[in-house]
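Quick notes on the structure that follows.
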Amino acid sequence: MKRMLVVVDMQNDFVDGALGTAEAASIVPAVVRKIENYPDDCIWVTRDTHQNDYLDTQEGEHLAVPHCIAGTKGWQIFPAVREALPRYVRIFDKPSFGSVELARALAEENAHEPIEVEFVGLCTDICVVSNALLAKAFSPEMPIRVDAACCAGTTPERHEAALDTMRSCQILVS
């Protein structure tokens, strides 16, 4: 079975920028090692992508911290992660927490050739859980796993709660 890796939102603003945390920074070496253990054609990336009107959006009203504005330094993939990624990696820019486009693409890959998908990245309790659950909804029989050591939540408690939620939805957490 082909194994695929989805690296979720390992962007400057989430590692050491506007919404960065020590927990997020601490997983960077593990994410880099994970990337290095996958073939180049089996790695996909998501990128949180907002526009200048972010504060006027529903998300911006609830989280009034501009972040990941397209084209800014904060929107870019964190340097150590970017350097580990293949030169030509498929990137899914997403305006919200989860990417329907990613879930569809994974479902298409799985229909073509059975795959197992592993998710790593930020933030466990927002974008990782959203994308893992979308992938599970699109492909209920596709094995999906999350490497807890390669994820960080907005808080350690929310990280653990998201891992528990994913376990409840038959996502393998290692």
(Q) I'd like to check something: does segment 147-160 contain any residue that is in a strand (DSSP E or B), under 18 Å from Thr46 (Cα atoms) and either touching a Cys at 6+ places or on another chain (Cβ under 7 Å) or at pLDDT below 95 (or both)? (A) yes
Q.
Condition first: buried (at least 17 other Cβ atoms within 10 Å of the Cβ), in contact with a helix residue (DSSP H, G or I) (Cβ under 7 Å, 6 or more places away or on another chain) and not aromatic (Phe, Trp, Tyr). Now tell me which residues in segment 129-150 satisfy that.
A. Val129, Asn131, Ala132, Leu134, Ala135, Ser139, Met142, Ile144, Val146, Asp147, Ala148, Cys150
Q) Could you list, in sequence order, the residues of segment 136-150 that are in contact (Cβ under 8 Å) with a residue 40 or more places away in the chain and either among the small types (Gly, Ala, Ser) or at positive phi (or both)? A) Ala149
Q: Can you tell me which residue among Ala25, Ala18 is at pLDDT 95 or above, surrounded by fewer than 22 Cβ atoms within 10 Å (Cβ to Cβ) and outside any helix (DSSP H, G or I)?
A: Ala18
(Q) Suppose we keep only residues that are touching a strand residue (DSSP E or B) at 6+ places or on another chain (Cβ under 8 Å) and either β-branched (Val, Ile, Thr) or without any contact (Cβ under 8 Å) to a residue 24 or more places away in the chain (or both) within segment 151-174. Which one would you say is surrounded by the most Cβ atoms within 10 Å (Cβ to Cβ)? (A) Ile171
Q. Restricted to segment 113-128, and to residues that are in a strand (DSSP E or B) and of a type in the set (A, V, I, L, M), which residue is surrounded by the fewest Cβ atoms within 10 Å (Cβ to Cβ)?
A. Ile115
Q) Quick one: Arg82 ticks every box in (1) surrounded by 14 or more Cβ atoms within 10 Å (Cβ to Cβ); (2) of a type in the set (D, E, K, R); (3) more than 20 Å from Asn37 (Cβ to Cβ) bar one, so which box is it? A) (3)
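The values are calculated or read from the model by the stated rules, or taken from the named source; none is laboratory data. All of these numbers come straight from a predicted model, not from anything done at the bench. Here Cβ is always computed from backbone atoms with ideal geometry, including for glycine, and neighbour counts include all displayed protein chains.
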